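The block underneath contains the structure these notes are about, expressed in structure tokens.
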Amino acid sequence: MITFILNNREVSTTMPSGTAVLDFVRYNQYLTGTKIGCREGDCGACTVLVGEVSTGELRYRTATSCLMPLGNAHGKHIVTVEGLNMNELNPIQQAMADESATQCGFCTPGFVVSMAGFCLSKKAPTTANAIAAVDGNICRCTGYKSIERAAARVAQLLADRSEEAPANYAASQAIVPTYFSTVADRLQALALNLNGELTNENPAAHRVGGGTDVYVQKHDEIRDASIRFLFDTPGLKGIRQAGNQCLMGASTTVTDLIESPIIQAHFPDFRQYTKLISSTPIRNMATIGGNFINASPIGDFTVFFLALDATLTFSDGHPLRELPLRDLYLGYKTLDKRPDEWLEQISFTLPDKNTRFNFEKVSKRTHLDIASVNSAMSILVEDDVVTSVRLSAGGVAPIPKQLTKTATFLTGKRLTEALILHATAVAQTEVSPVSDARGTEMYKRLLLSQLIKAHFIKLFPELKVEQLLSTSML
């Protein structure tokens, strides 16, 4: 039995746990404000809010309900656009109407829900943050400037909020219905009555984390499948530091990383990197472990953590096995992983104050797109000599790669523009890109060279940029 709070009432269901939340709210609960669009998490028409009590506080995040299994709603508060309605238009809806930010109206519920998620977050009440909250919502007919104006008005609603809990403030100001102020207590009471977490000991069960890839690839298959849910497993969550090591559970989401003080301290540009990766709702759902096990040759975080030489810890319920991330991929979509194993933990050495790190990505669209080529680099230079470097790239081989030959070539040499240009030539010998919808082989080779240069230009601004950009070793 799956039980959760849907808008202002508790619901229970015996529907298959793999049913998408989108289908449950529309076809079982008849809440048709949540729209069916792309079913791939790109358009945002099906956006809902997911509330849960985390570390003693009520926290809301947006999610694309087309990719969210019912099993991941267990014990939480799911809010559709109907759950935001009041006797009159709420202030978010009114802002959309006043700014003429809707025409056909199909996408409007998703925008309203995303802006409500912003109002229920702790993010600073700025126009930029309000606009960023709708980065997972697409409108095909209105034009975004009117929506941006509506978002700016929504940000103004929060101008006087201080340290008050976001849900309590939003309810007291009639931004959302008053029942939101009772949800934290209701969720805690619900947790006491639930019979633990959803468990499935079937060794053949599908393991599902955030669902952001599996529901795109196997929507029909996964609906009625036997599933072991990993997203809320306590042992698979959390980010902590032990000495110079960072340890994180495999179900850590991208948003968890963004909000982590540990990541913020050691990767000051991390938030900027993530703006190139998916959208806010997807980042709220997507797990780092899922990105690795997906085995995509262009997995953004796989490439990121390859440059950090991360180590994976696998378990089958018995003694643990460690494996360097660089050794996980045996071939295209082929892993050094047994079917009965699951990824439990990811660990890596945190960069020290002298180590420089950068991530780059090029895709056809800047946002909400899969990379044509991506790359990351971690480098230590002492007295102008490269003493340590790790370089990774995606989109240039059947697997995400550590460019070990290039790293070996760079190590021990004085950092110059000529060295970097020669390194781009060495990198070409390590890759085997293919022509596809994201670019030709030659284009991807050019991108790799340019991204390697971009790493050095970003990390070493004293280099002569003109010399690097005017010369190609292809």
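The values are calculated or read from the model by the stated rules, or taken from the named source; none is laboratory data. Just so it is clear, the model here is predicted, and its values are computed rather than measured. Cβ: placed from backbone, ideal geometry, glycine included. Neighbour counts: every protein chain shown. When the accessible area is computed, the model is the full protein with side chains, heavy atoms only, and any ligands, DNA or RNA have been set aside. Shrake-Rupley method; radii C 1.70, N 1.55, O 1.52, S 1.80 Å.
Taking the criterion of being within 17 Å of residue 214 (Cα to Cα) and surrounded by fewer than 24 Cβ atoms within 10 Å (Cβ to Cβ), the residues of the range 285-308 that qualify are 293, 294, 295, 296, 297, 298.
Strands (runs of 3 or more DSSP E) fully within the range 1-97 that include at least 2 residues being open to solvent by 10 Å² or more (accessible area, probe 1.4 Å) and over 18 Å from residue 233 (Cα atoms): 9-13, 57-64.
Among the residues making up the range 98-129, those that are within 27 Å of residue 39 (Cβ to Cβ), in a helix (DSSP H, G or I) and among the aliphatic types (A, V, I, L, M) are 112, 113, 115, 116.
Yes or no: the range 412-423 includes at least one residue that is in contact with a strand residue (DSSP E or B) (Cβ under 6 Å, 6 or more places away or on another chain) and under 20 Å from residue 247 (Cα atoms). There is no residue in the range 412-423 that is in contact with a strand residue (DSSP E or B) (Cβ under 6 Å, 6 or more places away or on another chain) and under 20 Å from residue 247 (Cα atoms). Only residues that are open to solvent by 10 Å² or more (accessible area, probe 1.4 Å), closer than 18 Å to residue 313 by Cβ, not basic (Lys, Arg) and not in a loop (DSSP other than H, G, I, E, B) were counted across the range 237-255, and they come to 5.
Within the range 281-314, restricting attention to residues that are among the polar types (S, T, N, Q) and not in a helix (DSSP H, G or I), the residue that is farthest from residue 228 (Cα to Cα) is 311. Looking across the range 374-420, the residues that are in contact (Cβ under 8 Å) with a residue 24 or more places away in the chain, closer than 24 Å to residue 467 by Cβ, open to solvent by 30 Å² or more (accessible area, probe 1.4 Å) and in a loop (DSSP other than H, G, I, E, B) come down to 384, 411, 412, 413. Criterion first (in a helix (DSSP H, G or I), surrounded by fewer than 18 Cβ atoms within 10 Å (Cβ to Cβ), of a type outside the set (S, T, N, Q) and touching a residue at least 60 places away in the same chain (Cβ under 8 Å)) does residue 216 satisfy it? Taking the combined requirement at face value, the residue satisfies it. Only residues that are over 15 Å from residue 358 (Cβ atoms) and either touching a residue at least 60 places away in the same chain (Cβ under 8 Å) or surrounded by 15 or more Cβ atoms within 10 Å (Cβ to Cβ) (or both) were counted in the range 448-474, giving 1.
Just to be sure, is residue 176 surrounded by 24 or more Cβ atoms within 10 Å (Cβ to Cβ), in contact (Cβ under 8 Å) with a residue 12 or more places away in the chain and closer than 21 Å to residue 10 by Cβ? Yes, satisfied. All but one of (1) over 21 Å from residue 77 (Cβ atoms); (2) surrounded by fewer than 23 Cβ atoms within 10 Å (Cβ to Cβ); (3) not hydroxyl-bearing (Ser, Thr, Tyr) hold for residue 147; state the number of the condition that does not hold. The failed condition is (2).
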